Structures are given as structure tokens and as C-alpha cells.
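K.L.:
Below is a structure I'd like to ask you about.
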Amino acid sequence: MAESKSNELMEKIVSLCKRKGFIFQSSEIYGGINGFWDYGPLGAELKKNIRDQWWNDMIRQRDDVVGIESSIIMHPKVWEASGHVGGFTDPMVDCKESKQRFRADQIFFAAVIVDGQTVGYVSALESERIAEELQEKAETLKRKRAIQGKLEPVQPKDFTEATDEQVPLVPSPATGEPGSLTPPRGFNMMLETNVGALRDASSVAYLRPETAQGMFVDFKAIVDTGRVKIPFGIAQIGKSFRNEITPRNFTFRSREFEQMEMEYFISDEDDWQKWHRYWIDWCRNWLLGVGIPASLLSEHDHPKEKLAFYSKGTTDIMFQFPFGVQELWGVAARGDYDLSQHAKFSGVPLVYFDEAAKRRYVPHVIEPAVGIDRIALAILCSAYCEDQAPDDKGKLESRVVLKLHPRIAPIKVGVFPLLKNKPELVKKAQAVRDLLRPYMTVFYDEAGAIGRRYRRQDEAGTPFCVTIDFDTLGEKPEFLDTVTLRERDTMQQSRVRIDELVQLLSPKIR
Ligand code: GAP
């Protein structure tokens with residue numbers, strides 16, 4: 001029940017995104033391409049606002065972080081040094097019957113045990129209620145086979161934990177029958193291309209799977225500019241590419257996505273835990289600042305046994321998506337692994353010289369890494385609301401509203417003449433539009449009843465609407481050159497002087 005409600009909510013969000021021009025399937029007229037998305041006019045503005053806000057807060061407002069833009073395709077050795085060529089794999093499983101492909105850690109299975117005897121296996125794809133689903137399937141299996149006795153509670157495991165004996169006995173989630181799943185095998189997620197005129201092994205290059213390596217590879221060049229002193233960070237925003245086995249949950253797991261990453265270099269003698277905590281708190285506060293409610297955020301510390309050998313600790317900031325609590329922003333303490341690896345593979349020492357202490361060392365790093373598409377999705381999911389609003393005749397009707405933070409909203413103000421067939425109203429409304437445009441994104445709309453125009457802006461998440469009516473033109477002289485300003489969330493309207501609009505709205509959208 002709870003799951004079907006979440007699916008319903010997700011379907012509504014996906015449909016709103018398409019209807020309003022936030023997000024479309026890429027190459028839709030050709031049937032789409034799985035794991036790739038296009039952002040329409042509203043989505044592109046939303047992403048730009050997220051990007052600008054992060055760049056401003058992370059780089060421009062700080063003395064200790066500089067921004068770069070490194071290339072997407074880098075020397076192939078970069079990815080050998082970083083460990084991506086050898087180890088950037090996900091465990092993949094094929095269903096030989098249905099020809100579907102799964103990530104092994106997303107297939108869950110359990111032995112069906114009756115009176116201490118294993119009588120079969122059940123499986124299902126990862127979901128919020130995986131244990132209940134497997135238990136229900138176990139009960140069905142027992143009933144269908146008319147097995148008498150006491151069914152034990154199921155113990156779900158993911159398919160990477162299946163033994164060689166269990167693999168052929170676990171039903172495929174695609175067919176419900178055992179015998180068609182292959183054992184899990186490593187699948188490298190880097191997308192390959194060729195650079196130059198020859199297409200052979202020597203021309204293979206990769207589309208970067210993360211932006212982070214650009215910061216490590218450029219470390220020396222940036223230290224040599226003399227602008228930075230430890231502790232300092234190097235940050236960038238850019239596209240990354242991963243050949244995900246099962247892209248899913250709308251834009252959550254895509255094959256092309258955009259990251260905002262920062263590498264914060266600290267002394268090898270510094271307290272890494274202090275900096276790790278500092279950056280977790282910074283990221284969390286940043287999310288609150290773009291309107292994500294604290295109630296939907298949580299933290300997950302990666303268990304020690306699942307960390308890479310070089311990693312000192314990783315904490316993910318998690319978000320309650322309609323499809324479950326999932327990673328939004330990872331903050332990793334990576335020690336000196338990356339700089340040491342690049343020094344080893346390139347032969348160029350990547351060290352920092354501390355002038356005061358007259359000491360040379362390889363800095364350690366704390367890395368907050370997040371995907372813009374994931375933040376945009378979290379923002380859209382937390383902003384989606386349905387409530388009641390009066391129509392033009394005062395009758396209550398249901399309304400869909402995106403309660404986006406004004407700072408992030410794609411359009412800040414809708415400007416409407418009350419009637420489109422009154423040239424004097426239209427002229428005045430266009431003058432108001434032109435007055436506001438240098439300071440904020442404005443959408444001018446004269447089509448349809450005023451209530452419908454408000455409703456369209458509510459769905460786009462526009463926090464303010466301004467209507468030019470006959471009072472603006474001086475029908476009531478005391479209201480000459482004033483407009484109605486309507487607030488999206490409260491739907492309250494107030495009368496405001498046109499020459500005060502910029503001053504009034506500017507601080508609210510910043
Ligand atoms: N440099 C570290 C790194 O890339 P990651 O946890 O693999 O770490 C960081 O990725 C962030 O990038 C994630 O927390 C997520 O927000 C985003 N991300 C990763 N894979 C993604 C995908 N396939 N689609 C969308 N966003 C993704």
C-alpha cells in the first residue's frame with residue numbers, strides 16, 4: 001500500500017516534469033535512450049540556479065576554495081592511477097531467459113525454510129519493503145506446493161552473497177523461475193571512446209566517470225600558481241558518464257549526469273575527522289539553504305568493512321525520495337591515496353611545501369561529491385504539493401504546486417495583464433515585465449483566465465505573480481501605478497507600488 005502510494009507520487013512528479021518542461025526523456029522521438037535525460041526550459045533554469053548557488057557558496061564566498069574546469073577526456077593513465085580501469089565495476093547478472101540485465105546487489109533472495117528444511121528460494125528487486133515482499137512470496141510458494149509445517153521468517157540477502165550452489169536455484173526477478181540467472185561478474189562502468197584517426201588499443205580513452213580526478217591531476221599546476229595555502233580546496237562542476245547497468249528511478253541513476261565536487265587538501269598531521277565533520281555539516285546546511293527540509297535528510301556512515309582500503313571514512317547525506325531513502329551527497333576522507341597514485345603513475349611528485357615548518361608532505365583530502373541531477377530531483381520531490389485553491393468563481397479546486405525555494409525557482413515572477421484585449425493593460429504589463437527583467441527571470445502571460453494563469457505558475461514553482469488591472473491604470477486614483485502581488489504558497493495578494501517591486505522582490509529571491 002505504502003509502496004503504491006510512493007509509486008503514484010513518483011509518477012505524478014515525472015508527469016509534471018514532462019508536462020511543464022522540466023525534464024524529458026532524451027531522443028524521445030526515436031523512442032528514447034535509457035539512462036539519458038534532457039532538461040527543458042524550466043529544468044535548465046533550475047539546474048543553472050543550483051549550479052550558480054553552489055559555485056557562489058563553495059568558491060566565490062570563500063578564501064580557501066578555487067574553481068577549475070578540467071577536460072572530460074583525460075590521459076587514459078589517469079584512470080589506471082585512480083583505480084577506475086581495474087576496479088570501477090558493478091556486479092552484473094544476466095537472465096538468460098528474458099535477456100534482462102540486473103545489478104547483482106539489487107536482486108534480493110531468501111531461502112524458504114519450513115520446519116528447518118530449505119524447500120526453495122524466492123527473489124525480488126530491491127525496494128523499501130523487500131523483507132515483506134520476500135516473506136509474502138515464501139508464503140505463496142509454501143501454499144502452492146501444499147507444504148505442511150512452520151515457515152521461518154525469511155533472511156534476505158543480495159545476489160552477490162549467493163553461493164555457487166544457490167545461483168541456479170534462485171528465481172529470476174524477470175521470470176519468477178529458477179535456473180536462468182548467471183553468476184555475478186564484474187562490469188566496468190567507464191564509457192570508452194577513441195581519440196585520433198586510428199581506432200586501436202592505443203587510441204582508447206574514457207569519458208570521465210567522476211570530475212574528481214581533474215582536481216588531483218591539476219593539483220601541482222594550482223599549487224604552482226601560488227594562490228593557495230593548505231588547508232585549501234579545488235572544486236569543479238561538470239558532466240560525468242557511467243555505463244550504469246540498471247539506470248532507474250527517473251534521473252536518480254543516469255548514464256550521463258553532472259557532478260559538483262570539491263577536494264579539500266589538509267595537512268597529513270591535521271585532524272581529518274574535524275574536517276570531515278565540517279564538510280558534512282556544510283553540505284547539509286547548503287541543502288537546507290536551497291529549500292530541502294531537514295526532516296527528509298539523514299546521514300549514513302559507510303561501515304568500516306565496506307570502505308576502500310585507503311579510505312578513512314565516508315558519510316553519505318541521504319534523502320527520503322518517494323522510492324526510498326537514497327544517497328544524495330557523499331563526503332569521503334580519502335587520505336593521500338589519489339595524489340600518491342598520480343605521483344607514482346606520472347613520475348611527478350605531488351607534494352606540498354610548508355614554508356613555516358620547512359616540511360614537504362603529501363596532503364590528505366576530504367571530498368564532498370554530489371550530483372546536480374540528484375539534487376534537482378530531491379528539490380522537485382520535496383517541493384511537490386497538492387492542495388485546494390479557489391477558481392475564478394471562488395469554487396475550491398485541487399491545485400498542484402511546486403513549493404520551490406525562491407532562490408532556486410526557475411521563474412521568479414509571472415507578470416499578467418488582467419485582460420489581453422485591452423491594449424492599455426497589455427502595454428503597462430509589458431512595461432512592468434521590462435522593468436523586472438534585468439533583475440530576475442520573468443514570465444509574461446496573457447493567455448486565459450487569471451486563475452488558470454496563476455495555476456500554471458504554481459505548477460512551475462514561480463513564487464510570485466504580478467497582475468496589472470484597471471486600478472493600475474488609475475480607475476481608483478489611490479491605486480494608480482500599483483499592482484497585485486500574489487504569493488504562491490499562501491495565495492495571499494497585496495497591493496504594491498510598481499516602483500517598489502524590484503526593491504521588494506530582490507531580497508526574497510536571493
Ligand atoms: N568522486 C567521488 C564520486 O564520484 P560517487 O558516490 O560515485 O562518488 C558522487 O558520486 C555523487 O554523484 C553521488 O552522491 C550522486 O549524487 C552523484 N551520482 C553518482 N552516480 C550517479 C548517477 N549514475 N546518476 C546521477 N547521479 C550520480
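The values are calculated or read from the model by the stated rules, or taken from the named source; none is laboratory data. Computed from a predicted model, the values in this text were never measured in an experiment. Glycine gets a Cβ as well: all are built from the backbone with ideal geometry, and neighbour counts include every protein chain shown. Side chains are part of the model used for accessible areas, which takes the heavy atoms of the whole protein and leaves out ligands, DNA and RNA. Shrake-Rupley method; radii C 1.70, N 1.55, O 1.52, S 1.80 Å.
K.L.:
What's the number of the condition D90 fails, among (1) open to solvent by less than 50 Å² (accessible area, probe 1.4 Å); (2) at pLDDT 95 or above; (3) in contact with a Phe, Trp or Tyr (Cβ under 6 Å, 6 or more places away or on another chain)?
P.N.:
(2)
K.L.:
Filter segment 489-503 for residues that are more than 19 Å from T462 (Cα to Cα) and either open to solvent by 100 Å² or more (accessible area, probe 1.4 Å) or outside any helix (DSSP H, G or I) (or both) and give the result.
P.N.:
R497, D499
K.L.:
Separate question: Would you check if P168 is open to solvent by 60 Å² or more (accessible area, probe 1.4 Å), closer than 20 Å to E97 by Cα and without any contact (Cβ under 8 Å) to a residue 24 or more places away in the chain?
P.N.:
Working: open to solvent by 60 Å² or more (accessible area, probe 1.4 Å): yes; closer than 20 Å to E97 by Cα: yes; without any contact (Cβ under 8 Å) to a residue 24 or more places away in the chain: yes.
Yes.
K.L.:
If you don't mind, another one. For segment 392-418, what are the residues that are over 20 Å from the mean Cα position of the chain (by Cα), part of a loop (DSSP other than H, G, I, E, B) and crowded, with 17+ Cβ neighbours inside 10 Å? If you could, list the steps in order and put the result at the bottom.
P.N.:
Keep residues of segment 392-418 that are over 20 Å from the mean Cα position of the chain (by Cα), which gives 392-401, 411-418.
Next, only the ones that are part of a loop (DSSP other than H, G, I, E, B) stay: 392-395, 411-412, 418.
Within segment 392-418, I411, K412, L418 qualify.
Let's see how each residue does on (1) in a helix (DSSP H, G or I); (2) aromatic (F, W, Y):
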position: F108; (1), (2): no, yes
position: A124; (1), (2): no, no
position: E136; (1), (2): yes, no
position: G149; (1), (2): no, no
position: D164; (1), (2): no, no
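K.L.:
Filter segment 135-165 down to residues that are over 14 Å from V119 (Cβ atoms), open to solvent by 50 Å² or more (accessible area, probe 1.4 Å) and in contact with a Pro (Cβ under 9 Å, 6 or more places away or on another chain), then give me how many there are.
P.N.:
Within segment 135-165, residues that are over 14 Å from V119 (Cβ atoms), open to solvent by 50 Å² or more (accessible area, probe 1.4 Å) and in contact with a Pro (Cβ under 9 Å, 6 or more places away or on another chain) number 2.
K.L.:
Let me ask you something else. Pairs please, first residue from segment 384-402 and closer than 12 Å to D458 by Cα, second anywhere and acidic (D, E) and outside any strand (DSSP E or B), Cβ atoms under 6 Å, 6+ apart in sequence or on different chains.
P.N.:
Correct list of pairs: R399/D458; V400/E459; V401/D458.
K.L.:
Kindly state which strands (runs of 3 or more DSSP E) lie completely within segment 186-298 and contain at least 1 residues that are within 14 Å of the ligand (Cβ to nearest atom) and of a type in the set (D, E, K, R).
P.N.:
Working: elements: 191-194, 204-207, 232-241, 256-266.
Passing ranges, in order: 232-241, 256-266.
K.L.:
I would also like to ask the following. Here are some residues: F232, F265, F321. Which one is under 14 Å from the mean Cα position of the chain (by Cα) and surrounded by 20 or more Cβ atoms within 10 Å (Cβ to Cβ)?
P.N.:
Numbers: F232 fails: under 14 Å from the mean Cα position of the chain (by Cα); F265 fails: under 14 Å from the mean Cα position of the chain (by Cα).
Testing whether each residue is under 14 Å from the mean Cα position of the chain (by Cα) and surrounded by 20 or more Cβ atoms within 10 Å (Cβ to Cβ) leaves just F321.
K.L.:
When you check E69 against the structure, is it assigned to a loop (DSSP other than H, G, I, E, B), within 21 Å of Y264 (Cα to Cα) and away from the ligand (no atom under 14 Å from the Cβ), yes or no?
P.N.:
On the way: assigned to a loop (DSSP other than H, G, I, E, B): yes; within 21 Å of Y264 (Cα to Cα): yes; away from the ligand (no atom under 14 Å from the Cβ): yes.
When the stated conditions are applied, E69 passes them.
K.L.:
Kindly indicate which of V362, V370, V348 is touching a Leu at 6+ places or on another chain (Cβ under 8 Å), over 23 Å from R407 (Cβ atoms) and either within 16 Å of the ligand (Cβ to nearest atom) or not polar (S, T, N, Q) (or both). Let's see the steps before the verdict.
P.N.:
Values: V370 fails: over 23 Å from R407 (Cβ atoms); V348 fails: touching a Leu at 6+ places or on another chain (Cβ under 8 Å).
Checking each option against the conditions leaves just V362.
K.L.:
Something else about it: Please find, within segment 334-391, the residue that is surrounded by the fewest Cβ atoms within 10 Å (Cβ to Cβ) out of those that are over 20 Å from the mean Cα position of the chain (by Cα), in a helix (DSSP H, G or I) and of a type outside the set (F, W, Y).
P.N.:
My answer is K344.
K.L.:
I've got another one for you. Scan segment 299-308 for residues that are open to solvent by 60 Å² or more (accessible area, probe 1.4 Å) and within 21 Å of Y264 (Cβ to Cβ) and jot them down. Walk me through how you get there before you give the answer.
P.N.:
From segment 299-308, those open to solvent by 60 Å² or more (accessible area, probe 1.4 Å) are 299-302, 304-306; that's our starting set.
Of everything in segment 299-308, those that are open to solvent by 60 Å² or more (accessible area, probe 1.4 Å) and within 21 Å of Y264 (Cβ to Cβ) turn out to be E299, H300, D301, H302.
K.L.:
Looking at the structure I just gave you, is E69 open to solvent by 40 Å² or more (accessible area, probe 1.4 Å) and touching a residue at least 60 places away in the same chain (Cβ under 8 Å)?
P.N.:
On the way: open to solvent by 40 Å² or more (accessible area, probe 1.4 Å): yes; touching a residue at least 60 places away in the same chain (Cβ under 8 Å): yes.
The answer is yes for E69.
K.L.:
Here's a check for you: in segment 27-43, which residue that is without any contact (Cβ under 8 Å) to a residue 60 or more places away in the chain and outside any strand (DSSP E or B) is most open to solvent (accessible area, probe 1.4 Å)?
P.N.:
Y30
K.L.:
Mind telling me which of the residues Y310, Y352 ends up being more than 22 Å from R248 (Cβ to Cβ), of a type outside the set (G, A, S) and in contact with a Gly (Cβ under 9 Å, 6 or more places away or on another chain)?
P.N.:
Y310 is the lone residue from the list that is more than 22 Å from R248 (Cβ to Cβ), of a type outside the set (G, A, S) and in contact with a Gly (Cβ under 9 Å, 6 or more places away or on another chain).
K.L.:
Can you work out which of the residues in segment 442-451 that are open to solvent by 40 Å² or more (accessible area, probe 1.4 Å) and in contact (Cβ under 8 Å) with a residue 12 or more places away in the chain is farthest from the chain's Cα centre (by Cα)?
P.N.:
Step one: list which residues in segment 442-451 are open to solvent by 40 Å² or more (accessible area, probe 1.4 Å), which gives 443-444, 446-449.
Checking which are in contact (Cβ under 8 Å) with a residue 12 or more places away in the chain leaves us with 443-444, 446-447, 449.
Numbers: F443: 26, Y444: 30, E446: 34, A447: 34, A449: 36 Å.
Once the filter is applied, the top-ranked residue is A449.
K.L.:
How many residues, within segment 469-491, are more than 32 Å from the chain's Cα centre (by Cα) and under 30 Å from K18 (Cα atoms)?
P.N.:
Within segment 469-491, the subset more than 32 Å from the chain's Cα centre (by Cα) is 469-485.
So of that shortlist, the ones also under 30 Å from K18 (Cα atoms) come out as 485.
Going through segment 469-491 one residue at a time, the tally reaches 1.
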